[in-house]
Amino acid sequence: MYTASLQSLVDELGRLPGIGPKSAQRLAFHILKIAPEDAGRLAEAIGAGKQNTTLCPQCFNVAEGDICNDPRRDGAILCVVEDPRDIVAVEKTQEFRGRYHVLHGSLNPIEGVGPDQLRVKELLARLEGEGVTEVILCTNPNLEGEATAMYLARLLKPLGLSVTRIASGLPVGGDLEYADELTLGRALEGRRQVDA
C-alpha cells in the first residue's frame, strides 16, 4: 500500500512509546509535508541527541558530560528518583538544592525488575564517598514506587542516614469530596504544623 520508504518510516515511528499505528501514520505524512530543511533539522536533532547524550557516570541522569560537580548543589542531600524525567519535575518546584540519583525504573517482580536491574548498587557506592546525610525517596506513589521506597528505606536506615519520603496527598485546588480514601489518608498522615 505504501512505498517501502514510507512504510519503514511509519514502522519506526510506531515503535516509539505511546505512538500507535494511526499516530505513526499521521506523523509520517506530516514529515512528508514539511519543508526538506525542517525534516533535515528533525533528523539532525535525533542524531545529535542520540550521539551526544549519555548517562552521567555518577547520578545516571541523561547528560552531555558529568553534571554532578555543580558546587551550588548540596552534596549532603540526595534525591532518589525512578526516571530522568522525574528530575525535571522536581527541578520545576525550585525547592530542592541537593543532588540526584536515578534508579532507571522501580521494583516490579511481575515484569522481572528486581534490585539488580536498578541502579541500587551504584547508589550504595555513592553514599560511602560523598558525605550524604539525607536520602529523599522520591519514587512514584504507585505500587511499584512504594515497594521501591520501602526496599530502599530498609537498605539505607541501618547506614545511619536520614531517610525521608516525599509526602503525598491532595493537589492544590482539589476538593476533599473527590479525593479517594488512600490519597486523603496519606494527606492526613503527612500533615505538618501550621505556623501562625
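The values are calculated or read from the model by the stated rules, or taken from the named source; none is laboratory data. Computed from a predicted structure; not experimentally measured. We place every Cβ from the backbone using ideal geometry, glycine too, and count neighbours over all the protein chains shown. We work out accessible area using only protein heavy atoms, side chains counted, and drop any ligands, DNA or RNA first. Shrake-Rupley method; radii C 1.70, N 1.55, O 1.52, S 1.80 Å.
Can you grab the distance from the C-alpha centre of region 112-135 to the C-alpha centre of region 1-79, Å, no decimals?
So the separation of the two Cα centres works out to 28 Å.
Per DSSP H run of n ≥ 4, the term is -39500 (n - 2.57); total these for the chain, divide by its residue number, and report the mean residue ellipticity at 222 nm rounded to 500 deg cm²/dmol. All intermediate terms of the calculation are to be shown ahead of the outcome.
On the way: 7 runs with 84 residues, N = 196.
Value at 222 nm, helices only: -13500 deg cm²/dmol.
What shape does region 131-171 take by its C-alpha gyration tensor, where a ≥ b ≥ c are the square roots of the eigenvalues and a/c under 1.5 counts as rounded, a/b above b/c as prolate, and the rest as oblate?
Values: a/c = 3.10, a/b = 1.64, b/c = 1.90.
Oblate, because a/c is 1.5 or more while a/b does not exceed b/c.
Within region 95-126, list the GluC sites (Glu not before Pro) lying in a DSSP loop whose Cβ has at most 15 other Cβ atoms in a 10 Å radius.
Details: sites: Glu95, Glu111, Glu122; in loops: Glu95.
Listed in order of number, the matching sites are Glu95.
In region 97-171, what percent of the accessible surface is made up of carbon and sulfur (1.4 Å probe, ligands and nucleic acids excluded)? The partial results should precede the final answer.
Details: 2320 of 4080 Å².
After summing per-atom areas, the C and S share lands at 57 percent.
Say R0 is 35 Å: what FRET efficiency, to the nearest 0.05, do Tyr2 and Gln94 get from their beta-carbon distance? If you can, show how the numbers build up before the last one.
Numbers: r = 47 Å, r/R0 = 1.35.
For Tyr2 and Gln94, the calculated efficiency is 0.15.
Do any trypsin sites (Lys or Arg not before Pro) in region 70-176 lie in a loop, going by DSSP, with at most 13 other beta-carbon atoms within 10 Å of their beta carbon, and if so which?
Values: sites: Arg72, Arg73, Arg85, Lys92, Arg97, Arg99, Arg119, Lys121, Arg126, Arg154, Arg165; in loops: Arg72, Arg73, Arg97, Arg119.
In loop regions of region 70-176 (DSSP not H, G, I, E or B), the sparsely surrounded trypsin sites (Lys or Arg not before Pro) are Arg72, Arg97.
Could you tell me what percent of the DSSP beta bridges with both partners in region 9-168 are antiparallel, to the nearest 5? Write down the numbers at each step before the final one.
Numbers: 3 of 16 bridges.
Given both bridge residues lie in region 9-168, the antiparallel proportion sits at roughly 20 percent.
Does a label point 7 Å from the Cα of Arg192, set along Cα-to-beta-carbon, have any residues of region 71-113 with amide nitrogen under 14 Å, and which are they?
Once the point is set 7 Å along Cα→Cβ of Arg192, 94-97 turn out to lie under 14 Å by backbone N, inside region 71-113.
Residues in region 132-162 near a label at Arg73, defined as backbone nitrogen under 20 Å from the 7 Å Cα→Cβ point?
132-140, 162, by backbone N distance to the label point.
Between helix 84-93 and the chain, what is the angle of the helix's C-alpha long axis to the longest principal axis, kept within 0 to 90° and rounded to the nearest 10?
Relative to the chain, helix 84-93 is tipped by roughly 60 degrees.
Test of understanding: what is the full-extension gain from Val172 to Thr133, defined as 0.36 nm times their sequence separation minus their Cα-Cα distance? Before the final figure, lay out the partial values.
Values: separation 39, 0.36 × 39 = 14.04 nm, distance 3.05 nm.
Between Val172 and Thr133, full extension yields 11.0 nm more.
Expressed in nm to one decimal, what extension gain is obtained for the pair Leu184 and Ala39 from 0.36 nm per residue of sequence separation less their Cα-Cα distance? Before the final figure, lay out each step's value.
On the way: separation 145, 0.36 × 145 = 52.20 nm, distance 4.83 nm.
Contour length minus the Cα-Cα distance gives 47.4 nm.
What FRET efficiency comes out for Ser23 versus Ile46 if R0 is 22 angstrom and r is the Cβ-Cβ distance? Round to the nearest 0.05. Intermediate results must be reported in sequence, preceding the final value.
On the way: r = 17 Å, r/R0 = 0.78.
Step by step, r from the Cβ atoms, then E = 0.80.
Given R₀ = 41 Å, FRET efficiency for Leu159-Glu12 by Cβ-Cβ distance, to 0.05?
Working: r = 45 Å, r/R0 = 1.11.
It comes to 0.35.
Which of the three applies to region 91-196, rounded, prolate or oblate, going by the alpha-carbon gyration tensor with a ≥ b ≥ c and a/c under 1.5 meaning rounded?
Details: a/c = 2.18, a/b = 1.42, b/c = 1.54.
Since a/c reaches 1.5 but b/c is at least a/b, the shape of region 91-196 is classed as oblate.
Roughly what angle does helix 21-33 make with the longest principal axis of the chain, taking Cα atoms, 0 to 90 degrees, to the nearest 10?
Value to nearest ten degrees: 60.
Roughly what angle does helix 143-156 make with the longest principal axis of the chain, taking Cα atoms, 0 to 90 degrees, to the nearest 10?
Tilt of helix 143-156: around 50 degrees.
Where a ≥ b ≥ c are the square roots of the eigenvalues of the C-alpha gyration tensor, would you call the chain rounded, which needs a/c under 1.5, or, failing that, prolate if a/b is larger than b/c, or oblate? Don't skip to the end; give the middle numbers.
Numbers: a/c = 2.12, a/b = 1.60, b/c = 1.33.
The shape class here is prolate.
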